[in-house]
Amino acid sequence: MSIFRLSSRQRSRCLQPPGYLFAACETALAFAGATRYVPMAMSSKFAEAGVDGLGSDSARGRRAAETRAALIAAARRIFAQKGYHAAGTHEIVAAADVSRGALQYHFPRKEELFLAVFQQVQQDMIARAAVGATGDGAAGTWPRLKADILSYLHAATTSEVQRIVLTDGPAVLGWPEWRRLEALYGLGMIMTGVKHGIQSGLIRKQPPLPLSHLILSIIDEAALMVANAADPEAATRQAQTALDTLLSNLA
């Protein structure tokens, strides 16, 4: 579909000299599916968002993925340093070196960008915990789960996790959504370990789901305690001892 299939008003606005209405024009063109007659001054800005219609689909997809990744990486740094509410989208756009229109295309709302950052931090935490516990039994076993939990708790001492996951997470996403995401990323792993513990006789026989939910709640509470402690390192050691005591006495 060409630019001339837009309304006459949209067409006239999109053909104005550069610098006037890039964001409005990008949105109009993107939703109209325009693929031709894009003013040359605007083509680079469309390319940033991956909606320019120029070049192959794979090239557009690659540019879009690169832009999205740059926005998430920039937002992750700024959210960790300043917090969600103090971080301005103009700072994120500048740090990512993309246009304002690219941000609006990929993340129309600031909360959507925060969610993408939150999910990435959670995924990285789980990956780091798995790497850090490689010597503590096979994946999916109860001993390995205990080691993963302690590694996860240690990650709560980092400023990034404290700010994005534990402080801003519940405030920005809302408590129900934050809990849902915590369960999404952690509950399955806990359930697998608990089932193994029950089958191996390391945990007394019982339905695994309630115990898994309780363990997840204990982990979240311990992480919040560490994040808000005056001495996070000391709080981490104390929480690790308490968790190990609890988890070692389930037989």
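Quick note: the coordinates plus some simple rules give every number you see, no bench work behind them. Every value quoted in this text rests on a predicted model; they were computed, and no experiment measured them.
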Q | ³J(HN,Hα) computed for each position of the stretch 184-190 - Karplus, 6.51 cos²θ - 1.76 cosθ + 1.60, integer Hz, glycine/proline x | A | 4, 8, x, 5, x, 4, 5
Q | Note, ³J(HN,Hα) from phi for the stretch 238-248, Karplus 6.51, -1.76, 1.60, rounded to Hz, x at Gly and Pro | A | 5, 5, 4, 5, 5, 5, 4, 5, 5, 6, 8
